[in-house]
Amino acid sequence: MDKKAIIQRYSLDDKYAIELLKVLDKIETAAQKNIYKHTNFLDPYIAFICEDVLKGEFGYVRFTITGGYEEAERKIITIYPDHFDETYEDIPLKVIKIEGLPREKQFNHREVLGAVLGLGLKREKIGDIIVNDKTIQIVALEEICGFTQLSLTKIGRYKVTTYIDDVQSIIPKQNDFKIITDTVKSLRLDSVSSAGFNESRNRTALDIKKEKLKVNHIPILSPSYNVNEGDLISYRGKGRIMLDKVLGATKKERLRISIKKFI
């Protein structure tokens with residue numbers, strides 16, 4: 001396995017290159033020692049690259065990519081030799097559920113993540129955090145769940161109670177959104193993002209070059225990148241939007257677009 005050549009093919013910066021190298025090491029170990037291996041939770045971009053590499057490079061291993069439920073963003077990869085029976089694959093994920101939340105407080109993702117990381121846990125051991133009105137669900141590697149259940153007794157100043165459940169019990173978050181309609185000269189990333197996030201086009205273009213925006217979880221560095229219907233755009237610190245529909249052209253030859261802005 002020429003790991004260096006694989007990494008160079010994707011022109012990754014040091015952070016992503018290190019993550020990909022860790023996965024390549026696990027592929028090699030699984031094949032050579034005839035064992036199951038699994039990664040920690042991966043950034044969606046790295047998960048996308050790893051899936052591409054595994055499909056194209058390694059006919060001698062099988063793999064599964066999962067985050068515990070279908071809509072998960074953060075995922076792990078389990079890797080095993082191709083002669084293994086996949087029905088015996090053990091996905092090492094559980095969900096930590098927090099219920100009985102205080103009526104006067106609505107927790108957000110950042111508060112929950114901060115409480116978990118405050119226990120001394122590493123981010124890569126934790127998957128999606130699903131915050132609903134009455135329940136918080138934290139997808140995590142099974143190896144940390146027992147400790148987390150015993151140690152996570154507070155979020156901020158509020159006492160909480162936790163228990164561990166199987167990932168099959170996860171209730172996905174229903175994303176709330178508002179519809180924004182606007183006109184743009186083209187479907188360039190800077191134009192669509194400017195409309196959706198209510199930022200100037202110049203500011204948006206600068207932030208794209210600073211790697212603050214992703215399309216479908218993939219970093220995009222060109223303001224002129226063309227966005228398609230259904231593309232998810234995330235803007236660091238500002239949230240996420242989706243280009244829902246292109247509604248047609250105006251008399252001034254601009255495009256009317258409909259954008260979903262997630263709340």
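Coordinate-derived values only; no laboratory data. Owing to the predicted nature of the structure, the values given are computational and were not obtained by experimental measurement. Positions of Cβ are backbone-derived with ideal geometry, glycine not excepted, and every protein chain shown enters the neighbour counts.
Quick look at the values:
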{"quantity": "Selected from Ile180, Ile79, Ile27 as most flexible by GNM, with the chain as the system and alpha-carbon contacts under 10 Å", "calculated": "Ile180"}
{"quantity": "Among Asp244, Asp128, Asp14: highest mean-square fluctuation, GNM of the chain, C-alpha pairs under 10 Å", "calculated": "Asp14"}
{"quantity": "Relative contact order of the chain, defined on C-alpha pairs under 8 angstrom at six or more residues apart (%)", "calculated": "14"}
{"quantity": "Entries of Lys122/Lys173; Lys3/Lys209; Lys15/Lys94; Lys3/Lys245; Lys22/Lys261 with Cα pairs more than 30 Å apart", "calculated": "Lys3/Lys245; Lys22/Lys261"}
{"quantity": "Entries in Lys37/Lys260; Lys210/Lys251; Lys97/Lys178; Lys33/Lys55; Lys178/Lys210 that, when Cα-Cα distance is taken, lie over 32 Å", "calculated": "Lys37/Lys260; Lys210/Lys251"}
{"quantity": "Cα pair distances exceeding 19 angstrom across segment 113-165, given as percent", "calculated": "17"}
{"quantity": "Computed helical MRE - 222 nm, the chain, DSSP H runs ≥ 4 contributing -39500 (n - 2.57), nearest 500", "calculated": "-9000 deg cm²/dmol"}
{"quantity": "Fully extended contour minus Cα-Cα distance, from Lys212 to Arg123, at 0.36 nm per residue", "calculated": "30.1 nm"}
{"quantity": "Positive-end residue of Tyr158, Val139, Val95, charge dipole of segment 93-169 with Cβ unit charges", "calculated": "Tyr158"}
{"quantity": "The chain: Rg to Rh, with Rh as the Kirkwood radius over Cα pairs", "calculated": "1.01"}
{"quantity": "Reachable aspartates and glutamates from Lys159, criterion Cα separation under 19 angstrom, eight or more residues apart if same chain", "calculated": "Glu99, Glu104, Glu111, Asp133"}
{"quantity": "Inter-centroid distance (Cα atoms) of segment 120-197 relative to segment 1-74, Å", "calculated": "23"}
{"quantity": "Over segment 177-262, equivalent-ellipsoid semi-axes from the Cα gyration tensor in Å", "calculated": "19, 14, 11"}
{"quantity": "Size of charge dipole - the chain - debye, nearest 20, with Cβ of Lys, Arg +1 and Asp, Glu -1, no other charges", "calculated": "1500"}
{"quantity": "Residues Asp43, Asp13 arranged by fewest to most Cβ contacts within 10 Å", "calculated": "Asp13, Asp43"}
